[in-house]
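Peer 1: I'd like to ask some things about the structure below.
The values are calculated or read from the model by the stated rules, or taken from the named source; none is laboratory data. On a predicted model such as this, the values are computed, not experimentally measured, just so you know. Cβ sites come from the backbone with ideal geometry, for glycine too, and all protein chains shown count toward neighbours. We work out accessible area using only protein heavy atoms, side chains counted, and drop any ligands, DNA or RNA first. Shrake-Rupley method; radii C 1.70, N 1.55, O 1.52, S 1.80 Å.
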Amino acid sequence: MRILIIEDEKKVASFIKRGLEQESYAVDVCDDGVEGQHYAEVNEYDAIILDIMLPKKGGLEVLKDLKSGGVKAPVLLLTARDTVEDRVKGLNIGADDYLTKPFAFEELLARLRVLMRRGVSGTPVLKFADLSLDPATRRAKRGEVDVELTVKEYALLEYLLRNPNRVLTRTLIAEHVWDQTFDSETNVVDVYINHLRSKIDTKDFSKKLIHTVRGVGYVLKEE
Ligand code: CA
C-alpha cells in the first residue's frame, strides 16, 4: 500500500514516514500544496495524509481540487488548529477523517487502517485459498505453515491479497509497493515475486497461487 504525506513540518512528516515504512507501506512526502496535489494526481495512492496549513496552496484548497478532479484515494486531514470550523469545512469538501496535532502514531495508523477498509476493531485477516495474512500481527500462513516475510515481501503479498484474480502489471505493483524513488527499469518486482514464491508457492503445496502472465505481470489465483 502506498501513501502520500503532504506536510511542510519536516519533523512531523519524517515521524509519520518512518512509522509507516516500518509497517511496510511505501511512502512519498511533499512539503507544499502544489507539489502534493501534483503527486496525488499523477500517482495512484491508497491513502493521502494532508496537512491543512501548507505553503503555496492550503490543504483545504488542495482537497477541493483533488475531489473535483476525481482522485479517489481516501484523505486524512491533519490540523494544528483545533477549530471546529476547519474540520467541518474539510469533511464537507470530502475529507474522510481528520486528526488534530499532536497525535500518537498509533492513532494515525488506526485511522488509516479504517480508511483503507481494514476495519475498526478486530482487523480482518486477508485470505485467499489456504493463504492468509493478518495485518494486525503481520503473520502470514499457507495452510498451517507460518511464513516469515521481510517488509517488502509483506507489502507485496498484501497487495496481491487485496486484488485476487486480477492481473497486476509490474507498473501497478511497483506503484503500490514501492515509493517514488523506485527505478522502473530494474527487475525488482520480478525478484521480489520470486522471493515470495520461494516462501508461499514451494513444492510442499499442491496448488500454485502466484501465476505469471507473460509479458504483462502477475495474478493471484487458483488454477
Ligand atoms: Ca503545516
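Peer 1: Taking residue 89, is it in a loop (DSSP other than H, G, I, E, B) and either at pLDDT 95 or above or open to solvent by 50 Å² or more (accessible area, probe 1.4 Å) (or both)? Lay out the reasoning, then the answer.
Peer 2: On the way: in a loop (DSSP other than H, G, I, E, B): no; either at pLDDT 95 or above or open to solvent by 50 Å² or more (accessible area, probe 1.4 Å) (or both): yes.
No, not satisfied.
Peer 1: One residue is enough: does segment 201-210 have a residue meeting the conditions within 18 Å of the chain's Cα centre (by Cα) and either open to solvent by 60 Å² or more (accessible area, probe 1.4 Å) or more than 30 Å from residue 107 (Cβ to Cβ) (or both)? Walk me through it before giving the result.
Peer 2: Residues of segment 201-210 within 18 Å of the chain's Cα centre (by Cα): none.
No, that holds for no residue.
Peer 1: Being farther than 20 Å from residue 76 by Cα and either part of a strand (DSSP E or B) or at pLDDT 90 or above (or both) is the filter here, so list the residues in segment 108-137 that pass it.
Peer 2: Scanning segment 108-137 gives 126, 127, 128, 129, 130, 131, 132, 133, 134.
Peer 1: Which condition number in (1) open to solvent by less than 60 Å² (accessible area, probe 1.4 Å); (2) outside any helix (DSSP H, G or I); (3) within 12 Å of the ligand (Cβ to nearest atom) is the one that residue 53 fails?
Peer 2: Only one criterion in (1) open to solvent by less than 60 Å² (accessible area, probe 1.4 Å); (2) outside any helix (DSSP H, G or I); (3) within 12 Å of the ligand (Cβ to nearest atom) is unmet by residue 53, namely (1).
Peer 1: Since residue 57 meets every condition but one in (1) in contact with a helix residue (DSSP H, G or I) (Cβ under 8 Å, 6 or more places away or on another chain); (2) among the basic types (Lys, Arg); (3) within 18 Å of residue 99 (Cβ to Cβ), which condition does it not meet?
Peer 2: (3)
Peer 1: Related question: So which residues in segment 30-46 are open to solvent by less than 20 Å² (accessible area, probe 1.4 Å) and at pLDDT below 95?
Peer 2: Within segment 30-46, just 45 meets the criteria.
Peer 1: Follow-up question, since we're still on this one. Can residue 83 be described as within 16 Å of the ligand (Cβ to nearest atom) and in contact with an Asp or Glu (Cβ under 6 Å, 6 or more places away or on another chain)?
Peer 2: Details: within 16 Å of the ligand (Cβ to nearest atom): yes; in contact with an Asp or Glu (Cβ under 6 Å, 6 or more places away or on another chain): no.
Against the criterion (within 16 Å of the ligand (Cβ to nearest atom) and in contact with an Asp or Glu (Cβ under 6 Å, 6 or more places away or on another chain)), residue 83 does not qualify.
Peer 1: Pick from segment 92-105 the residues that are in a loop (DSSP other than H, G, I, E, B) and open to solvent by 50 Å² or more (accessible area, probe 1.4 Å): which of them is nearest to the ligand (Cβ to nearest atom)?
Peer 2: My answer is 102.
Peer 1: Hey, another quick one. If you take the residues in segment 1-42 that are within 12 Å of the ligand (Cβ to nearest atom) and among the small types (Gly, Ala, Ser), which one is farthest from residue 55 (Cα to Cα)?
Peer 2: Going through the qualifying residues, I end up with 13.
Peer 1: Could I ask something else about it? Can you name the residue in segment 66-84 that is of a type outside the set (Ser, Thr, Tyr) and surrounded by fewer than 16 Cβ atoms within 10 Å (Cβ to Cβ) and, of all such residues, is farthest from the chain's Cα centre (by Cα)? So that I can check it myself, show each step before the final result.
Peer 2: Initial filter on segment 66-84 (of a type outside the set (Ser, Thr, Tyr)): 66-67, 69-78, 80-82, 84.
Then keep just the ones that are surrounded by fewer than 16 Cβ atoms within 10 Å (Cβ to Cβ); that gives 67, 69-70, 72, 80-82, 84.
Numbers: 67: 19, 69: 21, 70: 19, 72: 13, 80: 24, 81: 27, 82: 27, 84: 29 Å.
Among residues in segment 66-84 that are of a type outside the set (Ser, Thr, Tyr) and surrounded by fewer than 16 Cβ atoms within 10 Å (Cβ to Cβ), the one farthest from the chain's Cα centre (by Cα) is 84.
Peer 1: While we're on this one: What are the residues in segment 2-29 that are open to solvent by less than 60 Å² (accessible area, probe 1.4 Å), closer than 17 Å to residue 106 by Cα and of a type in the set (Asp, Glu), if any?
Peer 2: Answer for segment 2-29, where residues must be open to solvent by less than 60 Å² (accessible area, probe 1.4 Å), closer than 17 Å to residue 106 by Cα and of a type in the set (Asp, Glu): just 23.
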